[in-house]
Amino acid sequence: MTYVEYKQLNPFQRFAYNTKKFFCNIPHAVAHFFTALGKAIVKFFVGIGKGFANYGKTFVKGDWATKLSYLIFGVGDLSKGKYYKGILFFAVEVLYILYMAFFGWGYLKMFPTLGIQAQRTEYINGIIPKQVPGDNSMLILLYSVLTLVITVVVFAIYITNIKDAYRHQIMKANGQKPTSFKYDMKQFLDGKYHITLMSFPVLMIGIFNVLPLIFMILIAFTNYDKQHMPPGTLFTWIGFDNFGSLFNLVEGAKKGYTFIKLTEWTLIWAVAATFSNYILGMIFALMINKKGIKFKSLWRTLFVITIAVPQFVSLLLMNQMLQSNGAVNILLSNITNSHVEIQWLNQDATLARWVVIIINCWVGIPYTILSMSGILMNIPEDLYESARIDGAGPVKTFTAITLPYMLFVTTPQLITQFVGNINNFNVIYLLSNGNPTTEKYYQAGETDILVTWLFKLTMNSQDYGLAAAIGILVFVICATLSLIVYNNSKSMKDEEAFS
Amino acid sequence: MKKILAILLAGMMTATALVGCGGGDASSKTDNGSKADNGSSDGAAKIEGSIVDDSYFGDEGTDSKPVTLKVWAPDAAVSLVKEQVEAFKKAYPNRKFKEISVVAQGEKDAATNMLNDATTAADVFSFPSDQLNKLVDAGVISQVAFKDAVTEANDEGTVKAGTLNGTLYAYPETNDNGYYLVYDKSVVSDEQAQTLEGVLDACKKAGKKFIMNAGDGYYACTFAFTAGVKIDGLEKDGITQKFVKYDEDEAVKTLQAFAKLIKDYRGTFQSLDVANIASGFASGKCGAGIDGSWDTASNQKALGDNFGAAKLPTINVNGTDKQLISMFGYKYIGVNGSSKFPATAQILAHYLAGEECQLQRTEKLGWGPANKKVQENKAVTGSPVLKAIGEQAKNACIQVNVANTFWDPMANLGNKIIADTCDPSDAAAMKKLLNETISNVRDEG
């Protein structure tokens, strides 16, 4: 389609065209994503290869102290008079060896099997039973991950130590003196200030985010479930079996069927919840911001006041109101003067899904109104003025100015909301708890989304391995969708558009 | 000179590193000094009722090792258990107790919390019988030390249900963990209370509700049990639910009868949380309900003299009256396997589950005892509720060895039977539902 043809379309046709274009572009975008990923992987391995090459080269060129640094940390620095650094390097090696000898290796050597000896019972004086702890797969996995991470860090220090030794060797050959301790410390407030600032946060992220994450990911490859509960029984590696059971679509295979069905509903839910909030919120914001509306701040306050009640309280109240003897049914009974008993959440899947989506508007729209009002007030008035002078009506100004501007600003927000809705545990769990129940799914109800299913798997049936696998797949879905949408959005491609 | 210094330092480093390695070999040997089984002589030490011989404590409770224990008890029982713990301390004057704390912990979540982290959980805790296999699977519960004394003192059923693979794992505490028919005597007569049709009819005529939580697997399994689909422990793998052999046609007919009856009395039959029964009695909206022993007090309070309790009614299936079969369980006191004071924990559990403590709980809390002597006590034989529960216990499946996957499919079965969309005349659909439910419980597929 040429530019001229495009300009002749009416707004609806344009929207249809753009939508079509977006979906046609998805395969291309996916392909693009994977080529980029491939390139990054190649780059990574080339980098590693280069690292090894340097490792060998330095050894050949190094003097005796540098060569000895390959075995004993810090020798190179010490021999060149950089005492404090050499001692620090050496301390790292000693600490690491002590750690491995007294703690780490004991767990790491059981990492391939995750333990052999389960706990057993002994009898004190032949009558009082006492459980003698055996291996504990969970602790083995946890401390092995810790040890592996520490090993990686120590390896990085090891490489730094070699590089440093070689650097000092060259400095000495050039007749330079190594810098003093005082000078180096000053550098941390000057040239290396970023290290001073960032080291603590990075350390904390490592301990509280990265470590548990690796641990959880590894769980997905084990058979940690109700039959394998440490310390009573041990669990072990089973490779991709958990993922296999999720994609097992053979007739009668419930886990696979449940996964596919729940993924379907999760996506429908995420799209419906995101756009219902977005569109309705925008309409409310437009109404409030319209010129000539009186008591603007009053309306704004009224609409936003639901935020004052914590979300989970509203949801639990709604849940109670929608029970078969709840307020809604009683109200309907009184209005119609007959006995009304509609099972809003407990019987019909379609009805329950509609109810969940509609109730979600109640808790979601106020936030949209808030952010939208702010954006609306920011649209430059002169744009509207010139549009009016050119003879544009209200519909035209909306489709040509307001909507593009809003979409431009809020696309990233839309994406976060979409991802947030995929993982919207609160609304589903507190409002419907996955009900209505069904015999077709494995440990899930009709309105369960993937995260609430994950929760039920861990809490009700202790399928930790399976739940971890679902967690990983949810992440993959979220990450792929957000990357594709964001990379195709105007906010990304044309950052300067409205500035 | 500098070079020499560097070499010296390097030498020292290597030495330290080697020493480090050497230490590792020594520590990697696991401490498996097993304690000798020299029980033959101590095994004869005396056990009288709930008090055992002082020698069972071993080295626990001495000056060098004073006892610190944590006890989990349900909210309602905390103050009573505290008194009982004080009495326990007095019963063993030679032992030193630093602290025995009693913490409120609902029995419903006892197993879950034990599994979360057994090392910080209570040493002695009470739990309902259905959690037993979960606790045993995870190896967090210790077996009973005074097996013979416990077996002798308590009801046979409670001991049997606490035994898994031939090992007794917990001290029986109550045998009242079940539900029964509770009704307003001014609405439902004692005679009408015998049949489900009678109860529903009486409620309908009075314009009141009959409440049963059919959306909860614990109550909904009544449908399946009455239909003959009863549970029968677990398969050999230890997690798959086993069912007794049943006549499928008969089962389907019974389920259809339930569905038809519920459809006929739509509006009267209400599936609501059991909390609505007591409030319904109080507000006069509820005529009868199926409720558990834990709500007895509030129901009695709401109804006063009109309080009626009976075993579950019968249902008419093609002309024959079938007794409703319920889920019935016991409560136990268990000992944490990783307790730091295993002997004291066992002795305390034995004491708390003993005759005196059971009698106190029966008198003060209205709990039905597991102890044979207490069962003959006036406090039990004179209570209509405990009598109703006792009768219902004869028509019940024992809540032990219930798979984790049992409850949700049963809840679904209940939901589907009471649904507006349920067609009682459609035998094929009912059969499919039953088969799907059972395959879900057994986690097939």
To the nearest 500 deg cm²/dmol, what mean residue ellipticity at 222 nm is calculated for chain B from DSSP H runs of n ≥ 4 alone, each contributing -39,500 (n - 2.57), summed and divided by the residues? -13000 deg cm²/dmol
Report, in whole Å, the centroid distance computed from the Cα atoms of the stretch A:181-221 and the stretch B:107-180. 47
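Is the stretch A:306-436 rounded, prolate or oblate when judged by the Cα gyration tensor, a ≥ b ≥ c being the square roots of its eigenvalues, rounded requiring a/c under 1.5 and prolate requiring a/b larger than b/c?
Because a/c hits 1.5 or more and a/b exceeds b/c, the stretch A:306-436 counts as prolate.
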Of the convex hull drawn through the C-alpha atoms of the protein assembly as shown, the volume per residue in Å³ is 253
Listed with the fewest Cβ neighbours within 10 Å leading, B:Leu181, A:Leu280, A:Leu37 appear as A:Leu37, A:Leu280, B:Leu181
When chain B is treated as a GNM, springs tying every alpha-carbon pair under 10 Å, which of B:Ala76, B:Ala121, B:Ala193 comes out with the largest mean-square fluctuation? B:Ala76
When the helix-only estimate is applied to chain A (DSSP H runs of n ≥ 4, each -39,500 (n - 2.57), divided by the residue count), what is the mean residue ellipticity at 222 nm, nearest 500 deg cm²/dmol? -22000 deg cm²/dmol
Over 21 Å between alpha carbons, listed pairs A:Lys254/B:Lys432; B:Lys242/B:Lys322; B:Lys205/B:Lys285; A:Lys440/B:Lys263: B:Lys242/B:Lys322; A:Lys440/B:Lys263
Long-range HN-HN contacts of B:Ile141 with modeled amide H, under 5 Å: B:Gly337
Largest-first principal axis extents, alpha carbons of chain B, Å: 106, 55, 41
Hey, how many Å between the Cα centroid of the stretch A:224-287 and the Cα centroid of the stretch A:349-365? 19
FRET efficiency (A:Ala173, A:Ile41; Cβ distance; R0 30 Å; to 0.05) is 0.20
Volume in Å³ per residue [convex hull over Cα atoms, computed for the stretch A:384-499]: 146
Antiparallel %, DSSP beta bridges [both residues in the protein assembly as shown], to 5: 70
Across the stretch A:443-459, in residue order, what do the Karplus-derived ³J(HN,Hα) couplings come to in whole Hz, using 6.51 cos²θ - 1.76 cosθ + 1.60 with θ = phi - 60° and x for Gly and Pro? 6, 8, x, 5, 9, 5, 9, 4, 5, 6, 4, 4, 4, 5, 5, 7, 7
Angle check, please: helix A:327-336 long axis (alpha carbons) against the longest principal axis of chain A (alpha carbons), in degrees 0 to 90, nearest 10. 10
May I ask you to work out the translational diffusion coefficient for the stretch A:98-204 at 4 °C, viscosity 1.567 mPa s, via Stokes-Einstein with Rh from the Kirkwood sum over Cα pairs, reported in whole µm²/s? 70
Each residue of the stretch B:80-88 in turn: what ³J(HN,Hα) in whole Hz from Karplus with 6.51, -1.76, 1.60 and θ = phi - 60°, glycine and Pro shown as x? 5, 4, 4, 4, 5, 5, 4, 4, 4
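Whole number please: convex hull volume per residue, Cα atoms of the stretch B:347-445, in Å³.
Spelled out: Cα convex hull of the stretch B:347-445, divided by residues, is 165 Å³.
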With the cut-off at 31 Å, tell me which of the pairs A:Lys226/B:Lys260; B:Lys108/B:Lys394; A:Lys261/B:Lys209; A:Lys43/A:Lys172 have Cα atoms farther apart than that. A:Lys226/B:Lys260; A:Lys261/B:Lys209; A:Lys43/A:Lys172
From the phi angles alone, apply the Karplus equation (6.51, -1.76, 1.60; θ = phi - 60°) to the stretch B:220-229 and give each ³J(HN,Hα) in whole Hz, x where the residue is Gly or Pro. 5, 5, 4, 4, 5, 4, 4, 6, x, 8
On a 0 to 90 degree scale, rounded to 10, what angle separates helix B:342-352 from the longest Cα axis of chain B? 30
With axes computed from alpha carbons, what is the tilt in degrees of helix B:427-441 against the longest principal axis of chain B, rounded to the nearest 10 within 0 to 90? 10
Net charge over other residues, Cβ less than 11 angstrom from the Cβ of B:Lys285 (K, R count +1; D, E count -1): +1
per DSSP, antiparallel bridges as share of beta bridges in the stretch B:47-164, % nearest 5, sits at 25
With 43 Å as the cut-off, how large is the P(r) tail for chain A, expressed as percent of Cα-Cα pairs? 43
Bins of 5 Å from zero: percent of alpha-carbon pairs in the stretch B:58-149: 3, 12, 20, 21, 21, 16, 7, 1
Once amide H atoms are placed 1.01 Å from N in the peptide plane, what residues at a sequence separation of 5 or more from A:Ala392, or on another chain, have their amide H within under 5 Å of its amide H? none
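Using the reciprocal of the averaged 1/r over all distinct C-alpha pairs, how large is the Kirkwood radius of the stretch A:369-444 in Å?
Evaluated on the stretch A:369-444, it is 15.9 Å.
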Just grab the label-to-label distance for A:Phe15 and B:Ala206, each label 7 Å out from Cα along the Cβ direction, in nm (one decimal). 5.9
Sort A:His168, A:His339, A:His228 by Cβ crowding within 10 Å, fewest neighbours at the top. A:His339, A:His228, A:His168
What's the exposure ranking of B:Ser129, A:Ser333, A:Ser482, going from fewest to most Cβ atoms within 10 Å? A:Ser333, A:Ser482, B:Ser129
For B:Gly233, what residues show an amide H to amide H distance below 5 Å, using hydrogens built from the backbone and excluding near sequence neighbours? B:Lys242
What residues from the stretch B:168-193 fall in the zone where the backbone N is under 19 Å from a label point 7 Å along the Cα-to-C-beta line of B:Asn316? B:188-193
In whole angstrom, how far apart do the alpha carbon centroids of the stretch A:394-472 and the stretch B:293-330 sit? 42
Within straight-line cross-link reach of A:Lys291, lysines at Cα separation under 25 Å, skipping those fewer than 8 residues along the same chain: A:Lys396
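Throughout, read-outs are computed from the coordinates displayed, never taken from laboratory work. The model shown is predicted, which means the values in this text are computed figures rather than measured ones. All Cβ positions, glycine included, derive from the backbone under ideal geometry; neighbour counts span all protein chains shown.
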